[in-house]
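See structure below.
The values are calculated or read from the model by the stated rules, or taken from the named source; none is laboratory data. Since we're looking at a predicted model, the values are computed, not measured. Note that we place each Cβ from the backbone using ideal geometry, even for glycine, and neighbour counts take in every protein chain shown. Heavy atoms of the whole protein, side chains included, go into the accessibility calculation; ligands, DNA and RNA do not. Shrake-Rupley method; radii C 1.70, N 1.55, O 1.52, S 1.80 Å.
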Amino acid sequence: QVQLVESGGGLVQPGGSLRLSCVASGNIFGINLMAWYRQAPGKQRELVATCSRDGSTNYADSVKGRFTISRDNAKNTVSLQMNSLKPEDTAVYYCQAMHLLQGYWGQGTQVTVSS
């Protein structure tokens, strides 16, 4: 089993920056893809960014050029650097880890972008 804990959320003004972190523990060996999702009130959970074990990344069009996902396999962490934040980025952000054929989720961290 894999446990995930997110941190780094908070309140930030439009145009500001925030860095999220996710730490994995438990049965680490076997984790392949790691990803960040987000869910705003009244909306579906959406994929934000993915990072494979070899460092390959993908981004949603809405965050491309503003967000950067990175992974440190030695520390079992994945981070999301968020720049030029917009009010529409406001959501609960979730870390996901794919371990073998099963997905695991963290509890989420709130990001609020507001004046």
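The criterion of at least 2 residues that are exposed (fewer than 13 other Cβ atoms within 10 Å of the Cβ) is met, among strands (runs of 3 or more DSSP E) falling completely within the range 65-115, by 102-105. Sub-7 Å Cβ pairs linking a first residue in the range 3-15 that is more than 18 Å from Ala97 (Cβ to Cβ) to a second residue that is modelled with pLDDT of 95 or more and assigned to a loop (DSSP other than H, G, I, E, B), at least 6 apart or interchain, are Leu11/Ser114; Val12/Leu85; Pro14/Leu85; Pro14/Lys86; Gly15/Ser84; Gly15/Leu85, ordered by first then second residue. Scanning the range 14-33 for residues that are in a loop (DSSP other than H, G, I, E, B), open to solvent by less than 50 Å² (accessible area, probe 1.4 Å) and touching a Leu at 6+ places or on another chain (Cβ under 8 Å) yields Gly16, Gly30. Look at the range 52-65: where a residue is within 14 Å of Gln96 (Cα to Cα) and a partner is open to solvent by 60 Å² or more (accessible area, probe 1.4 Å), sitting 6+ places away or on another chain with Cβ atoms under 7 Å, you get Ser52/Asn32; Ser52/Leu33; Arg53/Asn32; Arg53/Asn73. For Asp54, are the conditions met, namely being open to solvent by 60 Å² or more (accessible area, probe 1.4 Å) and more than 18 Å from Gln110 (Cα to Cα)? When the stated conditions are applied, Asp54 passes them.
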